[in-house]
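Here is the structure we will look at.
The values are calculated or read from the model by the stated rules, or taken from the named source; none is laboratory data. All figures in this text were calculated on a predicted structure; none of them were measured in a lab. A quick note on method: Cβ atoms are made from the backbone with ideal geometry, for glycine too, and the neighbour counts reach across all protein chains shown. Only protein heavy atoms, including side chains, enter the accessible area calculation; ligands, DNA and RNA are left aside. Shrake-Rupley method; radii C 1.70, N 1.55, O 1.52, S 1.80 Å.
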Amino acid sequence: MVGTVAIVATLDTKGIEIGFLKERIEELGCSTLLIDVGVFEPAGITPEVSRHDIAAAAGSSIPRIIAGGGKRLAFRTMSEGVARKMDELHKAGRFQAVVSVAGGTGTHLIAGALQALPIGVPKLIVTTVASRDVSAIIGSKDVTLMHAVCDIIGLNFMTKGLLTTAAGTIAGMIVPKQTPPADRRVIGLTSFSPLNPCAFSATATLRGLGYEVIPFHAVGSGSMAMEALIGEGVIQGVLDLSLHEFADWIHGGYCKAIGPDRLETAGRVGIPHVILPGGLDMVVFECTFLEGVPAYLRDRPFVKHDFRSLLRSSREDLTRIAAVIAEKLNRAKRAPTVVLPSRGWSSVDAPGKPFYDAELNRGFTSELRSLLGNSVRVVEVDANINDEECARAAVYELHRQFERKP
């Protein structure tokens with residue numbers, strides 16, 4: 001446990017508590033780097049990176065922020081400044097892990113800075129709002145939240161115990177990092193449970209061919225994490241089995257949280273990319289009864305799954321999704337391949353299953369084909385996506401891209 005932990009906090013309100021945390025971390029053999037994101041004078045502690053440094057990184061100053069008199073201005077300025085400063089400090093090798101102790105405002109202030117750091121850098125926030133919707137805090141990065149339980153105001157046996165645990169947690173997270181294998185090309189693979197047979201088969205086959213496979217759970221944040229890693233150069237090829245997030249994106253479903261980069265980064269950097277329409281047959285909602293979905297969707301075929309329920313995507317949905325996918329793939333620097341199984345796109349979209357609608361699926365296939373440019377290779381497979389034949393075809397197409405020059 002040797003390394004430097006950056007401690008980020010508003011030291012005008014949590015100086016004493018951060019001083020205690022700093023001592024506990026240093027007792028465990030780590031160095032610390034204090035970063036103050038408060039606006040007023042720190043309470044009883046001196047940071048290495050001051051509030052003035054943070055404000056300056058955002059092109060402002062503490063006197064200007066105070067003169068502005070608004071919390072919104074202070075929040076926006078210090079949030080922007082700490083993101084820039086931490087990126088600079090990390091690139092300079094000044095720290096190997098980050099911990100923050102915060103309430104609601106502080107948590108959201110530091111969240112953007114943590115999301116700007118690469119995946120693999122330990123990130124811990126001790127926060128009073130960990131039990132709320134934290135999607136905006138975590139984004140697609142590996143941020144760890146520790147629920148503070150009590151408010152972090154002063155030192156008592158509860159806060160001392162909490163901060164001691166936090167010190168041990170972040171110190172323990174500084175371990176030698178696993179690096180991508182030098183002799184194996186890394187494949188990002190998207191999937192979710194209705195595609196498990198295809199994902200398991202494709203993963204095993206790819207590994208047998210000498211690839212390192214990293215699966216990503218296609219629930220919004222998972223696939224966006226994959227897009228980020230492609231951009232960082234960690235991933236050299238992509239097998240996109242699951243696109244169901246696009247259907248959720250249209251209707252505000254369970255896996256709606258995809259950003260504009262979804263399905264684009266591989267094409268932008270020019271790496272092998274194979275795409276399947278996995279899960280486009282469904283929209284997913286976190287409910288167990290039909291009354292839990294929007295009223296305008298209640299006339300669709302409905303399947304209870306677990307704590308979630310599934311609705312069949314419509315012709316209008318698929319037409320819209322085909323246009324979005326085609327527009328993204330047509331801009332790819334290196335032409336991707338689309339594999340289209342003709343006997344359904346999930347475990348509930350197969351002959352005899354509740355969502356199977358061959359005509360509806362053929363409509364999507366026809367629409368997508370009409371919109372794709374000539375450079376995009378399209379392969380149709382007479383199988384369900386979860387059949388072994390489909391997994392083999394998808395792997396073959398990806399391996400084929402690696403075997404030929406761009």
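Some values worked out for this structure:
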{"read-out": "Given (1) of a type outside the set (Val, Ile, Thr); (2) in contact (Cβ under 8 Å) with a residue 12 or more places away in the chain; (3) exposed (fewer than 14 other Cβ atoms within 10 Å of the Cβ), index of the condition Leu206 fails", "value": "(3)"}
{"read-out": "Any helices (runs of 4 or more DSSP H) falling wholly within the stretch 99-179 and containing at least 1 residues that are exposed (fewer than 14 other Cβ atoms within 10 Å of the Cβ), hydrophobic (A, V, I, L, M, F, W, C) and more than 20 Å from the chain's Cα centre (by Cα)", "value": "157-172"}
{"read-out": "Qualifying residue in the stretch 342-349 (condition: assigned to a strand (DSSP E or B), in contact with a strand residue (DSSP E or B) (Cβ under 6 Å, 6 or more places away or on another chain), open to solvent by less than 70 Å² (accessible area, probe 1.4 Å) and under 28 Å from Ala266 (Cα atoms))", "value": "no"}
{"read-out": "Selection count where residues are farther than 19 Å from Phe95 by Cβ and open to solvent by less than 10 Å² (accessible area, probe 1.4 Å), scope the stretch 39-65", "value": "3"}
{"read-out": "Selected residue [aliphatic (A, V, I, L, M), more than 20 Å from Ala202 (Cβ to Cβ) and not in a helix (DSSP H, G or I)] from Ala335, Ala383, Ala323", "value": "Ala335"}
{"read-out": "The stretch 1-38, residues that are surrounded by fewer than 20 Cβ atoms within 10 Å (Cβ to Cβ), touching a residue at least 40 places away in the same chain (Cβ under 8 Å) and hydroxyl-bearing (Ser, Thr, Tyr)", "value": "Thr4"}
{"read-out": "Subset of the stretch 195-225 (residues that are modelled with pLDDT under 95 and part of a helix (DSSP H, G or I))", "value": "Ser221, Gly222, Ser223, Met224, Ala225"}
{"read-out": "Filter result for Thr288 (part of a loop (DSSP other than H, G, I, E, B) and of a type in the set (S, T, N, Q))", "value": "yes"}
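Residues checked against (1) closer than 25 Å to Ile230 by Cα; (2) crowded, with 19+ Cβ neighbours inside 10 Å; (3) without any contact (Cβ under 8 Å) to a residue 60 or more places away in the chain:
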{"residue": "Ile321", "(1), (2), (3)": "yes, yes, no"}
{"residue": "Phe355", "(1), (2), (3)": "no, yes, no"}
{"residue": "Leu371", "(1), (2), (3)": "no, no, yes"}
{"residue": "Asn384", "(1), (2), (3)": "no, yes, yes"}
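Residues checked against (1) among the acidic types (Asp, Glu); (2) farther than 30 Å from Pro272 by Cβ; (3) in contact with a Lys or Arg (Cβ under 8 Å, 6 or more places away or on another chain); (4) in contact (Cβ under 8 Å) with a residue 12 or more places away in the chain:
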position: Val129; (1), (2), (3), (4): no, yes, no, yes
position: Ile138; (1), (2), (3), (4): no, no, no, yes
position: Thr144; (1), (2), (3), (4): no, yes, yes, yes
position: Gly154; (1), (2), (3), (4): no, yes, no, yes
position: Pro181; (1), (2), (3), (4): no, no, no, yes
position: Ile187; (1), (2), (3), (4): no, no, no, yes
